[in-house]
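The values are calculated or read from the model by the stated rules, or taken from the named source; none is laboratory data. A quick note: this is a predicted structure, and the numbers were derived from the prediction, not measured. All Cβ positions, glycine included, derive from the backbone under ideal geometry; neighbour counts span all protein chains shown. SASA here: full protein model, heavy atoms, side chains in, ligands and nucleic acids out. Shrake-Rupley method; radii C 1.70, N 1.55, O 1.52, S 1.80 Å.
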Amino acid sequence: MGKPTGFLEYTRQGNPSEAPLARIRHYNEFHPRLGREERMRQGARCMECGVPFCQSGAVLGGMVSGCPLHNLIPEWNDLVYHGSFHHALERLLKTNNFPEFTGRVCPALCEAACTCGLHGEPVTVRDNELGIIEDAWERGLMKPRPPKNRTGKRIAVVGSGPSGLACADQLNSRGHSVTVFEREDRPGGLLMYGIPNMKLDKAVVERRVKLMQAEGVVFRTGMDVGGAVPAEQLLADFDAVVLCCGAKKPRDLNVPGRDAKGVHFAVDYLTSVTKSLLDSGFADGKAINAAGKNVLVIGGGDTGNDCQGTALRQGCTDLMALEMMPQPPVERTAANPWPEWPRVLKVDYGQTECIAKFGKDPRVYQTTVKEFLKDEAGNLTGAVISCLKPERDPETGRTSMVPTGKEFTYDCQLAFIAAGFTGCENYTADAFGVELTARGNVADHSFKTNVDKVFVCGDMRRGQSLVVWGLREGRDCAAEVDRCLMGYTNL
């Protein structure tokens, strides 16, 4: 440990943020990185604990604490402190295929479990991770490293989201020939169209895809496997097929007026905006546009927050976000001790920007939509909002949110449903004949489905989750595919 007193001498300094009212004028990333000397000081704050919870990925209190990838966080923090960014990169890439993604969009489970956070501010683990990988890109260290030998095995990866890319990257590094099939016009899946550009610049995704191509991975876009592309074709042409199609079936609202023009699923909205931005800088007019409209966002989480930030950039005139559950406490309760994931009130970038523009947090807790209102032409004009309260069932012990009888109306012209997902889209699973669980995910045993040669990983297997879990799933699945094809694995 190079700096035993670093956490006492240096205060936490995260990557700065552009002012909210300035950044909502554009769709670019708004977190400039710290300089090398300050990054080294932030690395010095790591205590290199005897028991580093930051890299544990353990389930505590029903939620994961620490990094699911088991990143070697204390090791590369110490190397950052010593200015050995090249060696820090080597340690980082041992466990994380794409630190440039997690360094931007991961909620930093590692920082929530950092020992420094017990009585103070945690180490800037995510920012340090991003600093290491971006330093490597800028210095030309991220060069193609194709495998020296090929095994002769051919593998199809269906879907190019986090799990698909990680699985493809691992299998290619082993020497297998990997072809990635993506139904959209650009590779990246969730990374490309599910996350707004200001949160993850699409040039970052394209940069990584080009590197993988240079290493031998083949990407085929516009390929709707299970639709226009028959499943039988892949089963005949490849030694193994890995399904990484995500959990894209959105949870809907079964309320009167749901068919009103102006009610959209959140992911459809975010996709339309990003695609129009990339295709034409919005000149094609194909993006769902919140300009000059009051916007209702139904559901919290990352997707709801991204809808808020996007609508603000388009120029919405007001915004309300409905949260079904009660407002979390500002600080940890006794029932939620460190190093459990903190179940506390968080203010993300979308809420920060709403506060700056409208002078209020857009979230209204313990509410849901009872009815959408529309005019004679079928256009959305508002929503009847029902207030809720928690009620415990004495027989089952479960708590559910029930109407209080209190209601109010919110005038809006756009509504985005960000209420989560209910599993994978069935048609691809049906085309391969793989079984589904009651929750709508593909049933498996150690990433193997009931169909010979067909594997599954990512959200399609475990349900809607984080990018970091997608990477973990892709890595673990690749090892299982390799084991089945070769009789052993060194992945």
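Taking Val180, is it in contact with a helix residue (DSSP H, G or I) (Cβ under 6 Å, 6 or more places away or on another chain), of a type in the set (A, V, I, L, M, F, W, C) and buried (at least 20 other Cβ atoms within 10 Å of the Cβ)? Judged against the criteria, Val180 is a match.
Can you find a residue that is open to solvent by less than 10 Å² (accessible area, probe 1.4 Å) and not in a strand (DSSP E or B) anywhere in segment 479-487?
Looking only at segment 479-487, we keep the residues that are open to solvent by less than 10 Å² (accessible area, probe 1.4 Å), and these are 481-482.
Filter once more, so that each one left must be not in a strand (DSSP E or B): 481-482.
Taking every residue of segment 479-487 in turn, at least one turns out to be open to solvent by less than 10 Å² (accessible area, probe 1.4 Å) and not in a strand (DSSP E or B).
Quick check on segment 224-232. Is at least one of its residues in a helix (DSSP H, G or I) and without any contact (Cβ under 8 Å) to a residue 40 or more places away in the chain? The answer is yes, given that some residue of segment 224-232 is in a helix (DSSP H, G or I) and without any contact (Cβ under 8 Å) to a residue 40 or more places away in the chain. All conditions but one from (1) within 19 Å of Ile298 (Cβ to Cβ); (2) open to solvent by less than 60 Å² (accessible area, probe 1.4 Å) apply to Thr352; the one that does not is (1).
To keep it simple, each residue is scored yes or no on (1) open to solvent by 10 Å² or more (accessible area, probe 1.4 Å); (2) touching a strand residue (DSSP E or B) at 6+ places or on another chain (Cβ under 9 Å); (3) polar (S, T, N, Q).
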position	(1), (2), (3)
Lys249	yes, yes, no
Leu253	yes, yes, no
Asp268	yes, yes, no
Thr271	yes, no, yes
Val295	no, yes, no
Gln308	no, yes, yes
Met325	yes, yes, no
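Working only within segment 186-203, note down all residues that are within 25 Å of Ser173 (Cα to Cα) and open to solvent by 10 Å² or more (accessible area, probe 1.4 Å). Matches in segment 186-203: Arg186, Pro187, Gly189, Leu190, Ala203. For residues in segment 237-278 being of a type in the set (Gly, Ala, Ser) and assigned to a helix (DSSP H, G or I), which is farthest from the chain's Cα centre (by Cα)? Filtering first and then ranking leaves Ser276. With respect to the stated conditions, Ser56 fails to be over 19 Å from the mean Cα position of the chain (by Cα) and free of Cβ contacts under 8 Å to residues at least 24 places away in the same chain. Restricting Asp169, Asp135 to those that are charged (D, E, K, R), over 25 Å from Leu34 (Cβ atoms), outside any loop (DSSP other than H, G, I, E, B) and open to solvent by 10 Å² or more (accessible area, probe 1.4 Å) reduces the list to Asp169.
Phe101 fulfils the conditions (1) closer than 19 Å to Met192 by Cα; (2) not in a helix (DSSP H, G or I) except for a single criterion, (2). Note on segment 110-124: residues that are among the β-branched types (Val, Ile, Thr) and farther than 16 Å from Ala58 by Cβ amount to 2. List every residue pair whose Cβ atoms lie under 9 Å apart, where the two residues are 6 or more positions apart in sequence or sit on different chains, the first residue falls within segment 385-410 and is under 15 Å from Val255 (Cβ atoms) and open to solvent by 70 Å² or more (accessible area, probe 1.4 Å), and the second residue, located anywhere, is in a strand (DSSP E or B) and among the polar types (S, T, N, Q). Listed by first residue and then by second, the contacts come to Pro403/Thr368; Pro403/Ser386; Glu407/Ser386. Would you confirm whether or not segment 84-99 contains a residue that is among the basic types (Lys, Arg), under 29 Å from Val205 (Cα atoms) and surrounded by fewer than 19 Cβ atoms within 10 Å (Cβ to Cβ)? Yes, there is a match, as at least one residue in segment 84-99 is among the basic types (Lys, Arg), under 29 Å from Val205 (Cα atoms) and surrounded by fewer than 19 Cβ atoms within 10 Å (Cβ to Cβ).
When you look at Ala287, is it within 22 Å of the chain's Cα centre (by Cα), over 23 Å from Ala108 (Cα atoms) and either modelled with pLDDT of 95 or more or small (Gly, Ala, Ser) (or both), yes or no? Give the steps one after another, and end with the answer.
Numbers: within 22 Å of the chain's Cα centre (by Cα): yes; over 23 Å from Ala108 (Cα atoms): yes; either modelled with pLDDT of 95 or more or small (Gly, Ala, Ser) (or both): yes.
So Ala287 passes the test.
Would you check if there is a residue in segment 349-364 being in a strand (DSSP E or B) and either under 29 Å from the mean Cα position of the chain (by Cα) or more than 24 Å from Thr409 (Cβ to Cβ) (or both)? Yes, some residue in segment 349-364 is in a strand (DSSP E or B) and either under 29 Å from the mean Cα position of the chain (by Cα) or more than 24 Å from Thr409 (Cβ to Cβ) (or both). Just one of (1) at pLDDT 95 or above; (2) within 29 Å of Met142 (Cβ to Cβ); (3) surrounded by fewer than 20 Cβ atoms within 10 Å (Cβ to Cβ) fails for Asp78. It is (3). Residue count for segment 465-478, restricted to those that are touching a Lys or Arg at 6+ places or on another chain (Cβ under 9 Å) and open to solvent by 50 Å² or more (accessible area, probe 1.4 Å): 0.
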